[in-house]
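Only one structure is covered here, and it is reproduced in the block below.
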């Protein structure tokens, strides 16, 4: 089915037709296994359908000198032994790569929003096993498709969340989380891009004849970029009102870039930067409390004193065995110990 559709609308026409058909027939599909299906049912939820969201974005370089990857190093192109060391330019701290991170995050959130809209259209309360992917769009090298697919679930009881939750956890992981007293809130993505110029020290440490040693500039690059991605992830979790984050995946890409600040410089060896992109995917979770169960009581509780029980035993024994002197003396001795008399 095709038709006019505004990107601001809740669902594309094809998605709206698919969810309407599912509601009409009462049938559903999912991407969960048999074990996941059983686990989801065990904690009071049931699948209502497979849902997805996608968005195609043009992502190209922009800014002065195509400056997404501006290292910000003032000595680029003529750094020497006495130059100050280069610092890592981070997107989370306002570097040129911030604009690129913003468009990448906007595309992901657009896809997630459309998946959540499909979940609501099916009457679901949340999405489990949400899987985010990015792929080049065919015949358009500057365009990327951002897609997320998951399984919508609905609570069997009367309690409903105010808005659909999303999580990367599969069916078993979701069931374990709920059984432990936690609920997923939102699928989060922490993204950071860091750029660092290959200054004199970095180049020297990376020379073939330098021997085995740490390249401290590149250590700083990957460490700072990962730290910034974590900061973005935790900031999102705090704004969602969650208690914590369950991490799903961590990815790091590192590549070389020609330094935009070293244009027209004579030193080719001093005209390169390195860029790192760190991506963290996790689920914000919140604790919930249920009413405490009343304490268990004993099914049998003796109420008589030990002395009374022993007297009844003596009477039964005498009735059964007669008046054997040995038996009688033994039981009377036990009774005397309880009475405190001979």
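Laboratory data are not the source of any read-out in this text; all were calculated from the coordinates shown. Keep in mind that what you see is a predicted model, and the values were worked out from it rather than measured. Cβ placement follows ideal geometry from the backbone for every residue including glycine, while neighbour counts extend to all protein chains displayed.
Quick look at the values:
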| read-out | value |
| --- | --- |
| Fully extended contour minus Cα-Cα distance, from residue 212 to residue 109, at 0.36 nm per residue | 32.7 nm |
| Pairwise Cα inverse-distance average, inverted: Kirkwood Rh of the stretch 30-287 (Å) | 20.3 |
| Peptides 87-100, 47-60 ordered by average Cβ neighbours within 10 Å, highest first | 87-100, 47-60 |
| Ascending count of other beta-carbon atoms within 10 Å, so fewest first, for 176, 110 | 176, 110 |
| Solvent-free Debye scattering, log10 I(q)/I(0), computed from the Cα coordinates of the stretch 68-174 at q = 0.15 Å⁻¹ | -0.79 |
| Rg/Rg_globular for the stretch 191-270, with Rg_globular taken as 2.2 N^0.38 Å and Rg from C-alpha atoms | 1.48 |
| D (Stokes-Einstein, µm²/s), Kirkwood Cα radius, the stretch 155-233, 1.002 mPa s at 20 °C | 128 |
| Length released on extending from residue 179 to residue 156, taking residue separation times 0.36 nm less the Cα-Cα span | 6.8 nm |
